[in-house]
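Notes follow once the structure below has been shown.
The values are calculated or read from the model by the stated rules, or taken from the named source; none is laboratory data. These figures come from a predicted structure and were not determined experimentally. FYI the Cβ positions are ideal-geometry reconstructions off the backbone, even for glycines, and counts take in every protein chain you see.
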Amino acid sequence: MSTERTERSWVEINLDHYRANIEQIKQHLNPEQGFMQIVKADAYGHGALEISKVAIDLGALYLGVANMEEGKLLRLQGIKAPILVLSPAIKSEISQIIEYELTPTVSDLEFANALDSFAAERNLLVPIHVKIDTGMHRSGLSYELAFQGYQKITQLRHLEVEGIFSHFASSESDENYTGTQLAKFQEFISLLNSLPRYIHIANSSGVLSHNDPCTNLVRLGILSYGIYTNPIQAKLIRLLPVMTFKSSIIQIKPICRGETLGYNRTWTAPHDTTYAIIPVGYADGYDFMLSNRATVVIQNKSYPVVGRISMDMITVDLKADPLMSVGTEVTLLGGSESKTSAEELSGLFAGSAYELLCQIGRRAKRYYFSDGHLISSSPLSRRDFVSSDFSDSKLNTIIESAISQRLQNEEIGEMIYREILRSFFYNKDRDVHYRSNFVHNIALQSPINSYYPTITSLSYSKVLQNDYFIVACANSDEVLQPYFKRNDVEYRWLMDANFELSPHHFKLSTVSVNGIALTTQITRLLDCIEIKCSHPSLTQLIGSEVDFLIETETLYPVSSHQLSIFITELTRGVKVHFCYPPEVNNVEITPIFSGQSKFPMISHTEHDIYLETKVDQWVFPMSGIVFSY
């Protein structure tokens with residue numbers, strides 16, 4: 001299954017084995033039972049996102065995580081299925097539990113009241129699962145007071161009890177105690193006048209030993225990943241290990257009889273032999289307690305780990321095998337050999353298979369296989385990229401680096417970041433918004449005294465940022481340029497230099513927001529006219545998306561032979577209509593667009609030119625259109 005690697009170590013996740021395990025476990029479920037896939041601790045080291053996606057495809061009704069952060073990450077990665085936070089939450093997590101639509105476990109009245117108060121303020125109904133402590137003596141309502149506490153929780157108007165559950169303490173090894181817990185849970189359920197949607201107590205081991213018909217949901221954890229927690233289970237169900245941890249030989253060296261190896265000289269060569277150095281150690285999750293105990297598999301043969309496991313290396317006695325070479329693949333955990341199974345390795349030092357799986361491959365990429373093919377991989381870290389983890393300055397560095405890496409050109413990546421993106425980040429405090437539904441109509445009339453009477457109409461949608469905006473008209477580029485940098489200016493027009501700037505030559509015929517006609521106040525500056533457009537009602541619309549309409553009447557010189565339109569803000573969806581009189585011939589249009597497409601759709605009729613992008617197509621600032629005639 002493995003493919004050629006360049007990494008020092010890697011983890012392979014066999015999703016076919018996971019599917020096979022689920023199908024095996026399903027055979028032990030009652031007809032009306034569904035399952036919750038437990039994906040806490042990054043799915044016991046297997047990768048919560050990929051396991052969740054396959055589990056949902058296999059019919060998982062719920063996903064189980066340990067805390068709010070784990071559930072939040074799955075939501076950010078696009079998982080929509082119900083997610084139960086199994087551990088008690090803290091009050092400061094309530095807002096994000098609700099924001100990310102997670103289902104919290106309620107284990108005490110204090111948290112229940114806090115959650116209900118938060119939901120009441122927002123008029124929400126929050127689904128919860130109530131946990132009953134039947135003898136695990138960890139979290140949950142204490143059994144002696146559980147019924148009273150449960151009744152109080154059901155009276156909270158903004159909480160909906162969707163589930164009741166408990167947890168077995170030792171279902172894989174203590175049949176009597178597990179039976180006692182189950183009896184208590186059954187007794188509690190029998191006291192209720194009405195039952196919630198989900199009732200669950202059985203974990204993976206409980207499915208095999210104490211799967212009671214009174215429950216309609218089971219929680220699948222360690223067994224679904226192909227790990228037995230008791231040897232007896234292997235007689236009841238056939239499971240396949242999902243995870244394999246691998247590395248390769250980086251060096252082979254001889255050692256003479258009587259020489260010692262590694263820190264504190266804990267292994268002495270009993271005869272002349274050779275040993276291999278494998279570039280993993282306890283920092284990679286290969287437990288220190290496996291020193292002088294573990295076995296690895298190389299080319300289908302077993303070889304002992306000798307000497308103390310170092311932070312970054314282990315050594316393996318090759319028994320002078322002449323067929324070994326640098327680069328040969330090594331299986332450290334998983335695979336088909338029992339000696340490298342998580343159960344046997346953790347048993348060598350009375351450890352936990354759970355712990356071993358969770359810590360394996362801390363510095364290794366994970367590769368996911370389905371139908372024998374590599375379908376995806378995850379990065380070295382055990383958490384995918386989440387932007388909120390980083391400061392703004394760190395994000396800027398990451399973004400620039402990512403663009404350069406994606407384009408495989410550092411110079412171009414730096415240019416894109418500097419020229420296009422940095423201005424948005426630098427100006428983020430201005431609360432920059434984008435325009436949409438941008439429609440600009442320009443109509444030249446038959447000329448009068450060397451000028452075309454010109455009627456323009458501009459409409460678009462945008463989040464209102466102020467209770468006013470400015471329309472600016474100047475007769476030189478130099479004077480108009482500063483108005484392109486102001487976020488309170490919505491319209492700019494360049495007038496012919498021969499005209500005196502006055503309302504007679506540039507007139508706002510209509511200006512409105514959401515159909516509200518605005519009042520205008522003209523300020524004459526030395527080389528510019530500023531028209532302030534406002535209305536008392538705009539104050540209530542700040543922060544909302546509104547519809548702008550700006551219509552003008554002006555004059556445009558015949559001698560210019562071109563008219564330009566600038567798109568000065570990030571814009572989504574552009575339509576432009578240029579209408580000209582019979583006196584104008586051979587009009588050419590030149591769009592200068594930066595964005596998703598440089599070539600918008602253009603059509604001509606006898607005296608009209610239409611330019612249009614798709615409704616959802618982005619056009620970047622400083623784009624424009626030139627009409628030449």
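As for the range 350-357, it holds at least one residue that is hydroxyl-bearing (Ser, Thr, Tyr) and in a loop (DSSP other than H, G, I, E, B).
In the set (1) farther than 20 Å from LEU444 by Cα; (2) at pLDDT below 85, the condition left unmet by HIS505 is number (1).
Scanning the range 81-116 for residues that are touching a Leu at 6+ places or on another chain (Cβ under 6 Å) and among the acidic types (Asp, Glu) yields a single hit, ASP116.
Would you check which residues across the range 562-585 are surrounded by fewer than 15 Cβ atoms within 10 Å (Cβ to Cβ) and at pLDDT below 85 and list them? Residue satisfying the conditions is ASN585 alone.
Scan the range 186-201 and tell me whether some residue there is under 28 Å from LEU236 (Cα atoms) and in a helix (DSSP H, G or I). Yes, the range 186-201 has at least one match. Comparison of PHE593, PHE620, PHE578, PHE548 shows that the only residue that is of a type in the set (Phe, Trp, Tyr) and over 15 Å from ARG435 (Cβ atoms) is PHE578. With respect to (1) at negative phi; (2) at pLDDT 85 or above, the lone exception for SER404 is condition (2).
Of all residues in the range 111-134, those that are assigned by TED's automatic domain parsing to the domain that holds ALA169 and free of Cβ contacts under 8 Å to residues at least 24 places away in the same chain have Cβ atoms under 8 Å from Cβ atoms of residues that are surrounded by fewer than 23 Cβ atoms within 10 Å (Cβ to Cβ) and part of a helix (DSSP H, G or I), 6 or more apart or on another chain, in PHE111/LYS91; ALA114/LYS91; ALA114/ILE94.
The rows are residues; the columns are (1) in a strand (DSSP E or B); (2) in contact (Cβ under 8 Å) with a residue 40 or more places away in the chain; (3) within 33 Å of the chain's Cα centre (by Cα); (4) within 30 Å of LEU464 (Cβ to Cβ).
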{"residue": "SER537", "(1), (2), (3), (4)": "no, no, no, yes"}
{"residue": "THR554", "(1), (2), (3), (4)": "yes, yes, no, yes"}
{"residue": "LYS575", "(1), (2), (3), (4)": "yes, yes, no, yes"}
{"residue": "PHE627", "(1), (2), (3), (4)": "yes, yes, no, no"}
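For GLU355, the criteria (1) at pLDDT 75 or above; (2) more than 27 Å from GLY334 (Cβ to Cβ) hold in every case but one, which is (2).
The rows are residues; the columns are (1) crowded, with 18+ Cβ neighbours inside 10 Å; (2) within 19 Å of GLY226 (Cα to Cα).
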residue	(1), (2)
PRO270	no, no
TYR275	yes, no
ALA283	no, no
LEU290	yes, no
VAL316	yes, no
GLY327	no, no
LYS339	no, yes
SER352	no, yes
CYS358	yes, yes
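Residues are listed down the side, and each one gets a yes or a no for (1) modelled with pLDDT under 95; (2) surrounded by fewer than 18 Cβ atoms within 10 Å (Cβ to Cβ):
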{"position": "ALA60", "(1), (2)": "no, no"}
{"position": "LEU63", "(1), (2)": "no, no"}
{"position": "ILE90", "(1), (2)": "yes, yes"}
{"position": "GLU99", "(1), (2)": "yes, yes"}
{"position": "THR103", "(1), (2)": "no, no"}
{"position": "ASP116", "(1), (2)": "no, no"}
{"position": "ALA120", "(1), (2)": "no, yes"}
{"position": "LEU124", "(1), (2)": "no, yes"}
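Among the residues of the range 205-230, the ones that are without any contact (Cβ under 8 Å) to a residue 40 or more places away in the chain and either surrounded by fewer than 16 Cβ atoms within 10 Å (Cβ to Cβ) or part of a loop (DSSP other than H, G, I, E, B) (or both) come to 2 in all.
Are any of the residues in the range 41-49 modelled with pLDDT under 95, more than 20 Å from ASP284 (Cα to Cα), not in a loop (DSSP other than H, G, I, E, B) and not hydroxyl-bearing (Ser, Thr, Tyr)? Looking for residues that are modelled with pLDDT under 95, more than 20 Å from ASP284 (Cα to Cα), not in a loop (DSSP other than H, G, I, E, B) and not hydroxyl-bearing (Ser, Thr, Tyr), one finds at least one in the range 41-49, hence yes.
Within the range 609-620, residues that are within 12 Å of PRO591 (Cα to Cα) have Cβ atoms under 6 Å from residues that are not in a strand (DSSP E or B) in these pairs: LEU611/PRO600; THR613/PRO600; VAL619/PHE593, counting only partners at least 6 apart in sequence or on another chain.
A count restricted to the range 54-90 and to residues that are in contact (Cβ under 8 Å) with a residue 24 or more places away in the chain, closer than 19 Å to VAL242 by Cβ and over 17 Å from the mean Cα position of the chain (by Cα) stands at 7. Of all residues in the range 586-607, exactly one satisfies the criterion of being on the phi > 0 side of the Ramachandran plot and surrounded by 12 or more Cβ atoms within 10 Å (Cβ to Cβ), namely GLY595.
Scanning the range 264-292 for residues that are part of a helix (DSSP H, G or I) and touching a Leu at 6+ places or on another chain (Cβ under 8 Å) yields MET289, LEU290. Taken over the range 231-240, the residue count meeting the criterion of being touching a strand residue (DSSP E or B) at 6+ places or on another chain (Cβ under 8 Å) and either in a strand (DSSP E or B) or not aliphatic (A, V, I, L, M) (or both) is 0. Screening the candidates THR331, THR274, THR295 for the property of being touching a Lys or Arg at 6+ places or on another chain (Cβ under 8 Å) and under 20 Å from GLY45 (Cα atoms) yields one hit, THR331. In this structure, does SER446 turn out to be part of a loop (DSSP other than H, G, I, E, B), polar (S, T, N, Q) and modelled with pLDDT of 90 or more? It is true that SER446 is part of a loop (DSSP other than H, G, I, E, B), polar (S, T, N, Q) and modelled with pLDDT of 90 or more. A search for C-beta distances below 7 Å between a residue of the range 580-592 that is in the same structural domain as PRO453 (by TED's automatic domain parsing) and any residue that is surrounded by fewer than 12 Cβ atoms within 10 Å (Cβ to Cβ) and in a loop (DSSP other than H, G, I, E, B), counting only pairs 6+ apart in sequence or on different chains, returns PRO581/SER446; GLU583/SER446.
None of THR268, THR274, THR295 is of a type in the set (S, T, N, Q) and either within 21 Å of GLU337 (Cβ to Cβ) or not assigned by TED's automatic domain parsing to the domain that holds THR328 (or both) except THR295. Looking across the range 446-458, the residues that are over 14 Å from GLU569 (Cβ atoms), crowded, with 17+ Cβ neighbours inside 10 Å and not β-branched (Val, Ile, Thr) come down to TYR451, TYR452.
Quick grid of which residues meet (1) over 19 Å from HIS129 (Cβ atoms); (2) within 38 Å of the chain's Cα centre (by Cα); (3) small (Gly, Ala, Ser):
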residue	(1), (2), (3)
GLN181	no, no, no
LYS184	no, no, no
ILE199	no, yes, no
HIS210	yes, yes, no
ASN216	no, yes, no
ILE222	yes, yes, no
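Scanning the range 522-561 for residues that are modelled with pLDDT of 95 or more, surrounded by fewer than 17 Cβ atoms within 10 Å (Cβ to Cβ) and touching a Cys at 6+ places or on another chain (Cβ under 9 Å) yields nothing. Checked against (1) modelled with pLDDT under 95; (2) farther than 20 Å from LEU63 by Cα, GLY206 meets all criteria but (2).
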